[in-house]
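Report on the following structure.
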Amino acid sequence: MIPGIKSCKNSFNVLLNENYSSLISIDKNKSYMALKISEQEHFRREALRELKELGINPYPADKYDVNVTAKDILKHFSEDKTLFQDVQIAGRLMGRRIMGSASFTELQDSTGRIQLYFNRDEICPGEDKTMYNTVFKRLLDIGDIIGVKGFVFITKMGEITIHVKEYTILCKSLRPLPVVKEKDGEVYDAFRDPEQRYRQRYLDLIVNPEVRQVFHQRARMIQSMRDFLLSKDYLEVETPVLQPIYGGAAARPFKTYHNTLDTTLYLRIANELYLKRLIVGGYDGVFEFAKDFRNEGMSRFHNPEFTQMELYVAYKDYEWMMELVEEMIEKITLDLHGTTQIPVGDKVIDFKRPWKRYSMYEAIEHFTGVDISEMTEDQLRNTTKELGVETDKTMGRGKLIDEIFGEKCEAQLIQPTFITDYPVEMSPLAKKHRTKPGLVERFEAICNGKEICNAFSELNDPIDQRARFEEQIELGRRGDPEAMILDEDFLKAIEHGMPPTAGLGIGIDRLAMIMTNSNSIQDVLFFPQMRPEKTSGTEGNINDEFTAAGIPEPWITLLHQAGYSTASTLKEANPNKVFNQLCGLRKKQKLDIPAPKPEDVKSWIENIG
RNA sequence: GACUUGGUAGCUCAGCUGGUAGAGCACAUCCCUUUUAAGGAUGGGGUCCUGGGUUCGAGCCCCAGCCAAGUCACCA
């Protein structure tokens, strides 16, 4: 007899007799999925059962107080060996080296890992060695969460270690963790597959400590920006995500529906028009860290939902805003890195003020040698051909200039650079330039070849604003899916008068990528959007179909194991063959359930819808 | 949306010209009883992403699909 089968048998009995009903109650449509588990998971469920039999609650309700972290101990113990002589700490069990009556394991808490020393006769001072021999050595696994009490010492090997006097199981883990090992900075069996890392980010966070670091940095970056803005007495606000008219940017929206209002709503693509209403309302400065949603392509720079910080300050202009951006980003860089120079890929980016400034025309002249500032649309079109920039007939003057810039300049701007004075056609919400006709007072900051922010002197002339919206409507009629919609309610607001205002939008995810030296937006989002995993067919429904045909639960599992994973495959099967297969599986797994009768199997198959 | 590459055990990956599915870690049993990715022995574990096709025979070849990564397009 094969040893593995015996364990399977036990596990099945556990599931069928004791835990099975609770598994079903968790998700009855996928009950067989719960049964279709790997051998290692069987062993863990078996260990769970044994723990319960020993009177140990694997999921205790009590709080577990800790008085120290792994990081504290590692940082301070070598300086003063009298410290940490009565510690209590909790975390996840990572590595284990069991040497008989003495064992070493690693405990990982939110701050890092520390080695634990378990000694049999200290854990179990009396005759009963169960808590060591059985519970610790056999029933605990990598991934379980425990709490320990003890004192800190240094082993012969020179490693700071907690000598455990008492431990408590805080949570039994039922699934094996990817085991990543490391020696002298070299990582073995790294958990690197991006799909798994993003879909099961918790695993990524458990086994890849550098990932935790990225999200710490992201949080500190946002904190630093918020502190900066609050120190200027601007008001942090919240505005609607669900908007009846989407606006404030050129993008395609997600559409949804409100039942009670019986109306279409959109997830915001920007919050600009709401923040400006607040400036109309009399605030001098408002900002929001806003999740925006754009129904467009995905790439390593684009996620369907992303975070933008938008700021509007009354009585200011875009020149003023440029200085604010420099000051703010420089401060953030210093807060995070202690220097203005940070590595990004194979480059070093320096955020020290002042940043380079080019007008868009100057940038194009700088990178292509062509002065387009006086060109007509036809001349521009010829220039694009000469430069090898692809265009189409729907593009007007502004779009052509933007194409040249995007194609020839943007990627080459590595150090933070302000690009100013954009064509009016591209910027329906920006104020016309005070001296340069055909342009608007707008700037973007480009860094590492990508836009990180966008700002302008906000258009507050309601007549001009209406005309600009109407031009957008015309673009929309010509088929531009990103053309803005006329927002009558917003126009009404600025007709009441909005002070001259400088507005800014900063892509938080993009900035986080630079600040954490991440190559992909997915690395700075906990849960980047992924296509839903395709489960094999419609499992839940099939199970219901099997149930509806009068097939008892245990046999449904075996039917799946026999390869009948869909109702139709079972429907087409030969009843005698199915009967033989089920009996074979029952015998092989030594299941403690009576064999079916041939006529039962036949009737099940006939009953399948 | 287009192209390229990939999908094999819980994890990381091999797999020859198409010929009985492999390793390391993890797991189990036993021995050992203070270790640093690592004590020893033995053992179990697979829908080779899915569905078709070619073939005596497919993890491998062909077609279609799914998922991911990269590049491009659109976009912040």
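The values are calculated or read from the model by the stated rules, or taken from the named source; none is laboratory data. On a predicted model such as this, the values are computed, not experimentally measured, just so you know. Methodologically, a virtual Cβ is constructed for each residue, glycine included, from the backbone with ideal geometry; neighbour enumeration extends over all protein chains shown. All accessible areas refer to the heavy atoms of the entire protein, side chains included, with ligands and DNA or RNA removed. Shrake-Rupley method; radii C 1.70, N 1.55, O 1.52, S 1.80 Å.
Check residue A:379 against each of (1) within 16 Å of RNA strand B (Cβ to nearest atom); (2) farther than 25 Å from residue A:325 by Cα and name the one condition it does not meet.
Status for residue A:379: all satisfied but (1).
Filter region A:70-107 for residues that are more than 18 Å from residue A:137 (Cα to Cα), surrounded by 16 or more Cβ atoms within 10 Å (Cβ to Cβ) and of a type in the set (S, T, N, Q) and give the result.
Scanning region A:70-107 gives a single hit, A:88.
For region A:369-390, what are the residues that are crowded, with 16+ Cβ neighbours inside 10 Å and either aromatic (Phe, Trp, Tyr) or under 39 Å from the mean Cα position of the chain (by Cα) (or both)?
Within region A:369-390, A:389 is the sole residue that qualifies.
Within region A:144-163, is even one residue within 8 Å of RNA strand B (Cβ to nearest atom), among the charged types (D, E, K, R), open to solvent by less than 60 Å² (accessible area, probe 1.4 Å) and under 14 Å from residue A:94 (Cβ atoms)?
Checked region A:144-163: no residue is within 8 Å of RNA strand B (Cβ to nearest atom), among the charged types (D, E, K, R), open to solvent by less than 60 Å² (accessible area, probe 1.4 Å) and under 14 Å from residue A:94 (Cβ atoms).
Within 10 Å of RNA strand B (Cβ to nearest atom) and out of contact with any Phe, Trp or Tyr (no Cβ under 8 Å at 6 or more places or on another chain): is that true of residue A:137 in this structure?
Spelling it out, residue A:137 is indeed within 10 Å of RNA strand B (Cβ to nearest atom) and out of contact with any Phe, Trp or Tyr (no Cβ under 8 Å at 6 or more places or on another chain).
What pairs can you find where one residue is in region A:188-214 and at positive phi and open to solvent by 80 Å² or more (accessible area, probe 1.4 Å), the other is within 9 Å of RNA strand B (Cβ to nearest atom) and of a type outside the set (A, V, I, L, M), and their Cβ atoms are less than 8 Å apart, with a gap of 6+ or different chains?
Once the first residue is at positive phi and open to solvent by 80 Å² or more (accessible area, probe 1.4 Å) and sits in region A:188-214, its partners that are within 9 Å of RNA strand B (Cβ to nearest atom) and of a type outside the set (A, V, I, L, M) give A:189/A:178; A:189/A:181.
Residue under question is residue A:273, and the condition is that it be away from RNA strand B (no atom under 13 Å from the Cβ), at pLDDT 95 or above, not in a helix (DSSP H, G or I) and not polar (S, T, N, Q); does it hold?
no
Just name the residue that is nearest to RNA strand B (Cβ to nearest atom) out of those in region A:276-297 that are open to solvent by 10 Å² or more (accessible area, probe 1.4 Å) and among the basic types (Lys, Arg).
A:294
Given A:416, A:437, A:423, which one is open to solvent by 30 Å² or more (accessible area, probe 1.4 Å) and not β-branched (Val, Ile, Thr)? Please lay out each step first, then the result.
On the way: A:416 fails: open to solvent by 30 Å² or more (accessible area, probe 1.4 Å); A:423 fails: open to solvent by 30 Å² or more (accessible area, probe 1.4 Å).
Sole residue among the options that is open to solvent by 30 Å² or more (accessible area, probe 1.4 Å) and not β-branched (Val, Ile, Thr): A:437.
For region A:89-119, give me each residue that is near RNA strand B (Cβ under 6 Å from one of its atoms), not in a strand (DSSP E or B) and not hydrophobic (A, V, I, L, M, F, W, C).
A:100, A:101
Take residues that are touching a Leu at 6+ places or on another chain (Cβ under 7 Å) and closer than 21 Å to residue A:426 by Cβ and tell me which of the strands (runs of 3 or more DSSP E) falling wholly in region A:294-403 contain 1 or more.
Values: elements: A:305-314, A:341-344, A:347-350, A:356-359.
Counting at least 1 such residues, we get A:305-314.
Hey, residue A:352 hits all of (1) open to solvent by less than 60 Å² (accessible area, probe 1.4 Å); (2) in contact with a Ser or Thr (Cβ under 6 Å, 6 or more places away or on another chain); (3) not acidic (Asp, Glu) but one; which does it fall short on?
(1)
Within region A:119-139, which residues are within 23 Å of residue A:43 (Cα to Cα) and open to solvent by less than 30 Å² (accessible area, probe 1.4 Å)?
Selection gives A:132, A:135, A:136, A:139.
Quickly run through region A:478-504 and pick out the residues that are within 16 Å of RNA strand B (Cβ to nearest atom), under 28 Å from residue A:284 (Cβ atoms) and at pLDDT below 95. It would help to see each step written out before you state the result.
Kept after step one, since they are within 16 Å of RNA strand B (Cβ to nearest atom), are these residues of region A:478-504: A:478-485, A:503-504.
If we keep only those that are under 28 Å from residue A:284 (Cβ atoms) as well, we get A:484, A:503-504.
The answer is A:484, and nothing else.
When the residues of region A:516-540 are filtered to those that are within 11 Å of RNA strand B (Cβ to nearest atom) and modelled with pLDDT under 80, which remaining residue is surrounded by the most Cβ atoms within 10 Å (Cβ to Cβ)? Explain how you work it out, then say what you get.
Of all residues in region A:516-540, those within 11 Å of RNA strand B (Cβ to nearest atom) come to A:518-525, A:528-537, A:539.
Pick out the ones that are also modelled with pLDDT under 80 and you get A:532-537, A:539.
Working: A:532: 7, A:533: 7, A:534: 6, A:535: 10, A:536: 8, A:537: 12, A:539: 17.
Residue satisfying both the conditions and the ranking: A:539.
State whether one or more residues within region A:461-477 are within 12 Å of RNA strand B (Cβ to nearest atom) and over 33 Å from the mean Cα position of the chain (by Cα).
Going through region A:461-477, the residues within 12 Å of RNA strand B (Cβ to nearest atom) turn out to be A:475.
Adding the requirement that they be over 33 Å from the mean Cα position of the chain (by Cα) leaves A:475.
Yes - at least one qualifying residue is present in region A:461-477.
Could you tell me which of the residues A:159, A:166 is out of contact with any His (no Cβ under 7 Å at 6 or more places or on another chain) and farther than 30 Å from residue A:45 by Cβ?
Values: A:166 fails: farther than 30 Å from residue A:45 by Cβ.
Going through A:159, A:166 in turn, just one is out of contact with any His (no Cβ under 7 Å at 6 or more places or on another chain) and farther than 30 Å from residue A:45 by Cβ: A:159.
Give region A:174-187 a look and list any residue that's open to solvent by less than 100 Å² (accessible area, probe 1.4 Å), more than 6 Å from RNA strand B (Cβ to nearest atom) and in a loop (DSSP other than H, G, I, E, B), or say none.
Hits for region A:174-187 are A:174, A:177, A:180, A:185.
So residue A:553 ticks every box in (1) modelled with pLDDT under 60; (2) within 13 Å of RNA strand B (Cβ to nearest atom) but one. Which box is left unticked?
If we test residue A:553 against (1) modelled with pLDDT under 60; (2) within 13 Å of RNA strand B (Cβ to nearest atom), just (2) comes out false.
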